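To keep things clear, I will list the structure first and then write my remarks on it.
The values are calculated or read from the model by the stated rules, or taken from the named source; none is laboratory data. Computed from a predicted structure; not experimentally measured. Heads up, the Cβs are rebuilt from the backbone with ideal geometry, glycines too, and the neighbour counts pull from every protein chain shown. Ligands, DNA and RNA are stripped out before the accessible areas are found, and what is left, the full protein with its side chains, is counted by its heavy atoms. Shrake-Rupley method; radii C 1.70, N 1.55, O 1.52, S 1.80 Å.
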Amino acid sequence: SSDLAPCINLKSWVQTLRPLTSKIKPLGPRDVLPNNRQLYEIILTYNFHQPKSGEVTPSCPLLCDLLYESEFDSQLWIIFDQNKRQMGSGDAYPHQYSVKLEKGDYTIRLQIRHEQMSELDRLKDLPFIVAHRMTSTLSLDVYESHSVALLGKKKVNSSTLPPKHSQPFFVTMLPDDKIPKGAGPGCYLAGSLTLSKTEMGKKADVVSVHYHLVPSPTKPKNGSKEKEKDTDKEKDIKEEFADALRDLKIQWMAKLDTSDLYNELKEAYPNHLPLYLARLQQLDSEKERMTRLKEIIEASNEVMSRIDQTALAVYAAMKTDPRPDAATIKNDIDRKSTR
């Protein structure tokens, strides 16, 4: 007889990606095979979001674990963050190349080579997967009979199986609140099934398990919360309109010869930097500029007093900015530093 203790543990969630772009081109003179056989490459670009910091393992299921026996010349992938900084790379053996990533958006570029362009063209929609390791293992409940599983009663802890006998087991769904953040329909949880009660038996017989995710249940709407959302949305629209009107007035300042509009906006938005920048540009571009040098200097001082020069200097000294909103911050800093 055999002592059984069926256990299903899920250790990662896997998302499947489709390429956003694909490009085929011939490689250089160093990639020409004997008899002038030209090698070509296809570059496939994928994007994905990392919902929280953790470890990921990228792989190409069609080609992974194939090296010399592969029909294609080579494969190589590289991960970049949104600042185009290289975060990691790998090839045909995904289990050797795990990458630790912070929360944010990332791009994967996959290169595959072959001497026939037509073969590479067949890969232009090639799926690519990213396995996200979960911080804690999830377990599925296992039952001895269908009726017990339906009622969610006594789970299997251990049992003894006589020789030449079979025993079915039944597995129930994972609770929705256990689904990891970022995982959804189209993704699956990956793990393993072990049946033996002994540690040696668990290592000797391991079965891979994929748990495919379905859409989350639709929750009933809360009337008060919906009303609050509508109120917030209305506020957002009003604020957006006020900001758009303010920006339009600032644009018109340079076209008007009077300072009334500037004084009006200054009273309403005393700390709005673009207002003072527009005023400086207005004075600096006038025909009678030389007669208004004192006002130009005052306007320049107004601009300088509203710029955090220490923060600007710190940012300029940074080689790379790891923050998730680095692109937005860079645009804002560039706009300030060029004035």
Which one of the conditions (1) within 30 Å of Asp105 (Cβ to Cβ); (2) at pLDDT 70 or above; (3) surrounded by 13 or more Cβ atoms within 10 Å (Cβ to Cβ) does Pro324 fail to meet, given that it meets all the rest? (2)
Does Met87 satisfy being within 16 Å of the chain's Cα centre (by Cα) and either farther than 18 Å from Pro180 by Cβ or buried (at least 19 other Cβ atoms within 10 Å of the Cβ) (or both)? yes
Looking at (1) open to solvent by less than 40 Å² (accessible area, probe 1.4 Å); (2) in a loop (DSSP other than H, G, I, E, B); (3) of a type outside the set (Lys, Arg), which is the one condition that is false for Leu110? (2)
Pairs under 6 Å by beta carbon, first residue at pLDDT below 85 in the range 150-165, partner surrounded by 11 or more Cβ atoms within 10 Å (Cβ to Cβ) and of a type in the set (Gly, Ala, Ser), six or more apart or different chains? Ser158/Ala5; Leu161/Ser2
When the range 204-239 is examined, which residues are found to be modelled with pLDDT of 85 or more and open to solvent by 70 Å² or more (accessible area, probe 1.4 Å)? Val206, Ser208, His210, His212, Val214, Pro215
In the range 260-288, residue surrounded by the fewest Cβ atoms within 10 Å (Cβ to Cβ) [restricted to those that are at pLDDT 75 or above and among the basic types (Lys, Arg)]: Lys266
Which residues, counting only those in the range 113-160, are part of a loop (DSSP other than H, G, I, E, B), open to solvent by 40 Å² or more (accessible area, probe 1.4 Å) and within 30 Å of Tyr68 (Cβ to Cβ)? Glu115, Gln116, Arg122, Lys124, Asp125, Pro127
